[in-house]
Amino acid sequence: MKRLIQLSLFLLSFSLQAEPLRIVSSEFVPHNGEQLPNQGYAIQLIREIFATQQQEIQIEFLPWPRALLQARQGEAVALISVWFDSERTSYLHYPTPLYTNYMKFYHSSTKPIRFTELEQLAKTPLRLGVVRGYSYPQAINTLPFEWVEVNTDLESLKMLALGRVDLVICEQMVAEYLLSTELAEYRAQLSPTGPLVEARPMYLAFSKAHPDSELMQRKFEQGLQQLKQQRRLELLQPVY
């Protein structure tokens with residue numbers, strides 16, 4: 001019986017290695033993007049991690065709400081670029097973070113909003129541009145914002161440039177990338193304002209509904225530790 005169990009585990013492991021691991025992602029440039037070199041820094045890192053475990057992966061790009069739903073239902077084993085949300089712990093495993101994101105407010109020079117503490121924003125109702133389905137810092141939930149939802153950070157920042165919202169909350173690397181590429185015409189107009197809102201660990205989160213989730217998470221942790229021990233993480237840099 002013991003040998004039979006060992007053989008079954010071996011065959012399962014072999015099967016998982018033979019079949020590419022399906023992971024879903026949304027566009028979150030420059031961290032992950034279908035048209036970016038290596039599909040973005042986060043995906044490049046994830047590929048390197050699983051390569052240490054001889055595990056192939058298959059990345060599929062979907063709109064964020066659909067990607068989140070597939071992870072929740074177990075149609076995909078993992079979801080790329082996820083921030084921790086206690087409500088999602090019922091269906092997602094959060095392993096060791098990939099790295100840290102930095103959330104900041106952005107304003108427009110045509111209608112500047114300057115402050116040194118978040119509490120100062122409680123004095124005046126403002127329109128805040130946010131992306132539908134994203135999880136945002138708890139610190140801003142008590143502020144009297146009118147939340148204006150859009151589908152992407154690109155849309156949110158463009159609305160800020162056009163004066164349709166007063167502030168946008170955005171991950172710093174994402175905002176700087178967009179202002180250097182697709183929104184270059186607004187580069188001089190849009191800038192960060194106020195203190196850092198939050199430093200947020202970013203995860204490759206694993207679906208609790210997927211039958212291979214726990215095994216894949218162990219492979220992820222082993223691969224990440226191997227890259228750290230070999231000091232290979234320092235060689236991986238964002239490219240866009």
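The values are calculated or read from the model by the stated rules, or taken from the named source; none is laboratory data. Worth saying up front: this structure is predicted, and the values here are computed from it rather than measured. As a convention, Cβ positions derive from the backbone with ideal geometry for all residues, glycine included, and neighbour counts pool all protein chains shown. All accessible areas refer to the heavy atoms of the entire protein, side chains included, with ligands and DNA or RNA removed. Shrake-Rupley method; radii C 1.70, N 1.55, O 1.52, S 1.80 Å.
Could you list all residues from the range 173-195 that are surrounded by 15 or more Cβ atoms within 10 Å (Cβ to Cβ) and assigned to a helix (DSSP H, G or I)?
Met173, Val174, Ala175, Glu176, Tyr177, Leu178, Leu179, Tyr186, listed by residue number.
Within the range 146-161, take every residue that is touching a strand residue (DSSP E or B) at 6+ places or on another chain (Cβ under 9 Å) and among the aliphatic types (A, V, I, L, M) and give me the one that is nearest to Glu182 (Cα to Cα).
Out of the qualifying residues, it is Leu157.
Go through (1) modelled with pLDDT under 95; (2) closer than 30 Å to Ala188 by Cβ; (3) in contact with a strand residue (DSSP E or B) (Cβ under 8 Å, 6 or more places away or on another chain) one by one and return the number of the condition Arg127 breaks.
The failed condition is (1).
Restrict the check to the range 53-63 and report whether at least one residue is among the charged types (D, E, K, R), open to solvent by 10 Å² or more (accessible area, probe 1.4 Å) and touching a Cys at 6+ places or on another chain (Cβ under 8 Å).
No: zero hits.
Among the numbered criteria (1) polar (S, T, N, Q); (2) modelled with pLDDT under 95; (3) surrounded by 17 or more Cβ atoms within 10 Å (Cβ to Cβ), which one does Ser207 miss?
Condition not satisfied by Ser207: (2).
Of all residues being touching a Leu at 6+ places or on another chain (Cβ under 9 Å), in a helix (DSSP H, G or I) and not small (Gly, Ala, Ser) in the range 70-86, which is farthest from Ser26 (Cα to Cα)? Just the residue, please.
Arg72
Given the structure, is Val168 part of a strand (DSSP E or B), surrounded by 16 or more Cβ atoms within 10 Å (Cβ to Cβ) and in contact with a Gly (Cβ under 8 Å, 6 or more places away or on another chain)?
Yes; evaluated as a whole, the condition is true for this residue.
What pairs come out if I take residues in the range 187-215 that are acidic (Asp, Glu) and pair them with residues that are assigned to a loop (DSSP other than H, G, I, E, B) whose C-beta lies under 6 Å away, six or more apart or interchain?
Matching pairs, first to second residue: Glu198/Pro137; Asp212/Val77.
Tell me which of these Ala139 doesn't satisfy, since it passes every other one: (1) small (Gly, Ala, Ser); (2) crowded, with 20+ Cβ neighbours inside 10 Å; (3) in contact (Cβ under 8 Å) with a residue 40 or more places away in the chain; (4) in a helix (DSSP H, G or I).
With respect to (1) small (Gly, Ala, Ser); (2) crowded, with 20+ Cβ neighbours inside 10 Å; (3) in contact (Cβ under 8 Å) with a residue 40 or more places away in the chain; (4) in a helix (DSSP H, G or I), Ala139 is out only on (2).
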